[in-house]
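The values are calculated or read from the model by the stated rules, or taken from the named source; none is laboratory data. This one's a predicted model, so the numbers in the text were calculated from it and none came from an experiment. Cβ placement follows ideal geometry from the backbone for every residue including glycine, while neighbour counts extend to all protein chains displayed. Remember, those area values only see protein heavy atoms, side chains included, never the ligands or the DNA or RNA. Shrake-Rupley method; radii C 1.70, N 1.55, O 1.52, S 1.80 Å.
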Amino acid sequence: MGNNPAKVKTVYYFGTCLVDMAYPKAGMAGIKLLQREGVEVIFPREQACCGQPAYNSGFRQEAKDVAWKQVQIFSGNDYPIIVPSGSCAGMMKYHYLELFKDDPEYYDVKRFCDRIHEITSFLRNVLDAQYTDKGAPIKLTWHSSCHARREMGCTEDSKALIRQLKNVELVEIAREHECCGFGGTFSIKQPEISAAMVHDKVEDIKSTGTHKFLTGDCGCMMNITGHMEKEKVAIEGQHIAEFILERIHG
Amino acid sequence: MASNKTFDFKQNIAGALADKQLRSNFKNATDTLRGKRLAVFTDPEETLRLRHVGNQIKRAGLNRLPELLEQLEAKCKENGIIVHWAETVDEANNIVLSIMEQHGAHKMVKGKSMVSEEMHLNKFLEDKGKLPLETDLGEYIIQLNNEPPSHIIVPAVHKNRKQIGQIFADNIPGVSYTEDTAELLAIARGRLREHYRTADIGLSGVNFAIAESGTLCLVENEGNGRMCTAVPPVHVALMGLEKVVGTLEEVPALYRLLCGSATGQRITTYFNMIKGPRKPGEKDGPKEVHLIILDNGRSKILADKQLRQTLQCIRCGTCLNHCPVYTRIGGHAYGSTYPGPIGEILMPQIEGLDKKGNLATASSLCNACEEVCPVMIPIPALIRRLRDESYDMDENGVVKGHGCKKNLLETVIWKAWKYMQVYPLLNTIMLKKLQLFGNKLPKVGPLKAWTSVRTAPKFARQSLKDLAKKEGIRNE
């Protein structure tokens with residue numbers, strides 16, 4: 001990863017299927033945060049899912065077909081590809097290599113993988129984004145997806161961006177390292193275990209005494225806020241990009 | 001746990017989740033074990049370096065396993081150890097029985113051995129009228145209560161002090177209820193001492209078998225392993241064939257990784273190195289030492305370069321302590337000798353995907369197990385591999401029961417999904433449909449499972465693609 005803001009003039013944006021369908025405002029906020037740093041954003045509208053649901057469910061060939069399509073869509077230029085999700089970014093950066101390890105396309109795929117960045121780590125480490133908080137004082141907490149933490153390693157970058165906002169108090173949850181129980185089709189194949197996990201995660205979030213949590217992954221958000229709504233817990237979830245954009249506009 | 005034909009994972013899970021005491025016991029115990037591990041592996045860089053060493057030793061060992069096993073056999077024989085090979089658990093059980101019969105043995109004291117659990121040895125011997133007695137405190141407790149272990153390292157992890165007090169009061173004649181740990185320990189010690197003295201045969205597992213010298217290493221804390229291997233006249237050691245290492249120099253790194261990961265110790269109270277029976281002039285030790293080397297599907301696992309990594313496992317159990325699924329459902333729910341993440345990859349390979357393939361669904365692929373595994377087994381990748389083989393996608397599987405989950409419905413769903421991701425026009429149509437009808441979908445199938453504890457997902461009126469188009473974001 002280069003650390004020279006001056007060099008990045010144009011980036012590709014991979015919105016993720018979940019953001020596209022259910023959280024488009026979060027996706028748009030990510031684009032605006034990138035534009036704010038003087039970067040031109042290209043959003044190829046032929047893009048779709050990264051392929052992770054099939055990959056994790058045992059449908060490797062389907063995942064591979066979908067992955068190859070994404071590689072082709074983003075191969076017009078060697079611009080960095082920015083993803084507002086640690087999980088999808090992890091899939092594209094690391095698991096595409098595994099899918100294509102024995103294929104002649106491997107090096108094309110590798111060129112693609114090397115250009116994948118999770119958005120908060122790109123904003124912080126490559127663009128050196130600086131934020132001035134114009135919002136009212138607020139206390140909130142943070143949930144990191146497992147793949148943001150253990151694959152992309154961007155949890156600290158996300159938190160560092162939040163800490164730039166001077167009126168925001170970040171309260172950390174006790175079991176931050178623990179999975180919220182989403183896991184894509186895991187939540188469907190093992191609904192009882194998934195339910196126990198998301199229940200405990202919501203209890204942990206509640207115990208921070210805050211009324212808002214941020215996350216960089218909309219899969220976790222759908223899972224956690226879905227359970228909160230069902231249990232009538234008055235805590236709001238928001239994607240970090242959308243939150244930062246709101247705060248810097250006041 | 002005894003693997004049986006009536007294994008119903010769903011039912012086990014529901015039962016475990018409904019047991020609040022069990023969940024609380026597991027949460028407390030695994031929190032403690034995780035804390036202990038962290039306290040001993042304080043420097044992340046140093047820990048990573050050590051894990052790389054462990055990984056390298058185990059991988060190199062597996063790459064020349066046949067050669068190491070031959071060397072181990074030859075050296076053990078030189079040392080006077082009688083070596084037996086068992087391809088199946090049935091063979092291994094019968095070897096143990098025949099040794100007992102040769103010596104007219106009735107009572108066996110057992111140190112902790114997961115391989116003996118894998119063989120269901122206790123039940124086998126009991127059926128033959130023998131008396132196998134567990135001597136590891138945790139194993140002793142659960143044997144009293146007629147239960148299998150719930151954890152690889154801490155077999156009675158699912159019981160709290162009060163429950164253990166009750167088990168003692170209910171099952172040991174003349175003992176009344178107490179929850180005082182020191183008293184409970186004294187009761188167990190008193191009973192066990194008498195058994196060591198009077199047992200006809202002692203049995204143990206093997207943590208590392210050193211090929212260059214024919215030495216069997218046994219890692220333990222309670223001294224019961226030492227008693228089982230030194231007091232009775234005959235000692236039988238059981239090992240899975242992957243436990244062999246090349247040289248003594250390889251042991252310290254693996255020992256440190258094992259102790260630190262399993263119990264958060266730098267060293268254990270006892271580290272036994274057994275190199276044969278009592279020699280002339282020696283005052284103690286068994287007169288005869290047997291080593292049984294069990295395959296039970298391991299050589300098949302070894303033949304596959306990716307799955308082979310399963311055999312790197314040193315049985316520390318730390319993946320269990322870090323697994324959000326294991327900590328909620330506990331060991332028994334897995335219905336398998338090895339529970340948790342390692343069980344999810346090992347059991348389907350040993351028993352078949354048709355019998356145990358469901359275990360691989362009990363993971364959110366959060367990668368917590370991979371993050372802590374001392375020998376760096378890529379457990380999530382192997383779980384994915386077993387899921388792939390369950391669905392037979394590449395027509396190329398090697399695990400028993402390959403393709404057992406192949407079904408038309410899921411295949412059709414994923415094929416349809418693929419087309420919607422690959423063809424932009426289909427993707428656009430799907431998005432439009434979701435915008436119009438997504439929020440009114442009937443709660444059946446996957447949506448029913450999802451909405452059991454969550455509100456239904458809400459689809460946006462305008463997709464990101466719509467918004468980006470409106471905002472004039474460059475589309476290429």
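The table that follows gives values for the structure above.
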quantity	calculated
Candidate set: segment B:115-134, residues that are surrounded by 19 or more Cβ atoms within 10 Å (Cβ to Cβ) and touching a Lys or Arg at 6+ places or on another chain (Cβ under 6 Å); chosen: the one farthest from B:Arg328 (Cα to Cα)	B:Pro132
Whichever residue in segment B:224-247 is outside any helix (DSSP H, G or I) and open to solvent by 10 Å² or more (accessible area, probe 1.4 Å) and, among such residues, is farthest from B:Leu185 (Cα to Cα)	B:Thr247
Residue among B:Asp304, B:Asp284 that alone is open to solvent by 50 Å² or more (accessible area, probe 1.4 Å), out of contact with any Phe, Trp or Tyr (no Cβ under 7 Å at 6 or more places or on another chain), among the acidic types (Asp, Glu) and farther than 26 Å from B:Asp8 by Cβ	B:Asp284
Cross-chain or 6+ apart pairs with Cβ under 8 Å, segment A:191-220 first and surrounded by fewer than 24 Cβ atoms within 10 Å (Cβ to Cβ), then in a loop (DSSP other than H, G, I, E, B) and of a type in the set (Lys, Arg)	A:Asp200/A:Arg175; A:Asp204/A:Arg175
Test for B:Arg197: is it in a helix (DSSP H, G or I) and closer than 30 Å to B:Ser336 by Cα	no
Enumeration of residues in segment B:149-161 that are open to solvent by 30 Å² or more (accessible area, probe 1.4 Å) and of a type outside the set (S, T, N, Q)	B:Ile153, B:Val154, B:Lys159, B:Arg161
Hits in segment A:24-50 (condition: in a loop (DSSP other than H, G, I, E, B) and at the interface with chain B (Cβ under 7 Å from one of its Cβ atoms))	A:Phe43, A:Pro44, A:Arg45, A:Glu46, A:Ala48, A:Cys49
Where B:Asn55 falls short, out of the listed (1) open to solvent by less than 40 Å² (accessible area, probe 1.4 Å); (2) in a helix (DSSP H, G or I); (3) touching a helix residue (DSSP H, G or I) at 6+ places or on another chain (Cβ under 8 Å); (4) more than 20 Å from B:Glu371 (Cα to Cα)	(4)
Qualifying residue in segment A:126-133 (condition: surrounded by fewer than 22 Cβ atoms within 10 Å (Cβ to Cβ) and within 26 Å of A:Gly184 (Cβ to Cβ))	no
Cross-chain or 6+ apart pairs with Cβ under 6 Å, segment B:370-399 first and closer than 14 Å to A:Gly58 by Cβ, then open to solvent by 10 Å² or more (accessible area, probe 1.4 Å) and among the basic types (Lys, Arg)	B:Asp388/A:Arg60; B:Ser390/B:Lys405; B:Tyr391/B:Lys405; B:Tyr391/B:Lys406; B:Asp392/B:Lys406; B:Met393/A:Arg60
Residues located in segment B:364-379, provided they are open to solvent by 20 Å² or more (accessible area, probe 1.4 Å) and either of a type in the set (Gly, Ala, Ser) or part of a helix (DSSP H, G or I) (or both)	B:Glu370, B:Glu371
Residue ID - nearest to the other protein chains (Cβ to nearest Cβ), chosen from residues in segment B:352-363 that are part of a helix (DSSP H, G or I) and within 20 Å of A:Gly183 (Cα to Cα)	B:Thr361
Qualifying residue in segment A:73-80 (condition: within 27 Å of A:Trp142 (Cα to Cα), modelled with pLDDT of 95 or more and either open to solvent by less than 10 Å² (accessible area, probe 1.4 Å) or not assigned by TED's automatic domain parsing to the domain that holds A:Gly216 (or both))	yes
Test: residue in segment A:77-94 that is touching a Gly at 6+ places or on another chain (Cβ under 9 Å), of a type outside the set (Asp, Glu) and within 9 Å of chain B (Cβ to nearest Cβ)	no
Boolean, B:Leu50 is outside the structural domain of B:Tyr255 (by the TED database), surrounded by 13 or more Cβ atoms within 10 Å (Cβ to Cβ) and among the aliphatic types (A, V, I, L, M)	no
Single residue of segment A:165-189 satisfying the filter (open to solvent by 30 Å² or more (accessible area, probe 1.4 Å) and more than 19 Å from the chain's Cα centre (by Cα)) that is modelled with the lowest pLDDT	A:Ala174
Count - residues of segment B:418-451 that are crowded, with 18+ Cβ neighbours inside 10 Å and more than 8 Å from chain A (Cβ to nearest Cβ)	1
Those residues of segment A:30-67 which are hydrophobic (A, V, I, L, M, F, W, C) and either without any contact (Cβ under 8 Å) to a residue 40 or more places away in the chain or in contact with a strand residue (DSSP E or B) (Cβ under 7 Å, 6 or more places away or on another chain) (or both), in sequence order	A:Ile31, A:Leu34, A:Val39, A:Val41, A:Ile42, A:Phe43, A:Ala48, A:Cys49, A:Ala54, A:Phe59, A:Ala63, A:Val66
Residue check for A:Leu214: away from chain B (no Cβ under 11 Å) and closer than 19 Å to A:Ala89 by Cβ	yes
Subset of segment B:380-390 (residues that are crowded, with 21+ Cβ neighbours inside 10 Å and either more than 10 Å from chain A (Cβ to nearest Cβ) or closer than 17 Å to A:His95 by Cβ (or both))	B:Pro380, B:Leu382, B:Ile383, B:Arg384, B:Arg385, B:Leu386, B:Arg387, B:Asp388
Unmet requirement for A:Gln61, which otherwise passes all of (1) within 25 Å of B:Pro446 (Cα to Cα); (2) buried (at least 23 other Cβ atoms within 10 Å of the Cβ)	(2)
Residue ID - farthest from the chain's Cα centre (by Cα), chosen from residues in segment B:452-476 that are of a type in the set (Ser, Thr, Tyr) and modelled with pLDDT of 95 or more	B:Ser463
Hits in segment A:236-250 - residues which are more than 14 Å from chain B (Cβ to nearest Cβ), in contact with a helix residue (DSSP H, G or I) (Cβ under 7 Å, 6 or more places away or on another chain) and open to solvent by 10 Å² or more (accessible area, probe 1.4 Å)	none
Residue that is least open to solvent (accessible area, probe 1.4 Å) [pool: residues in segment B:452-465 that are facing another protein chain (nearest Cβ under 7 Å) and touching a residue at least 24 places away in the same chain (Cβ under 8 Å)]	B:Ser463
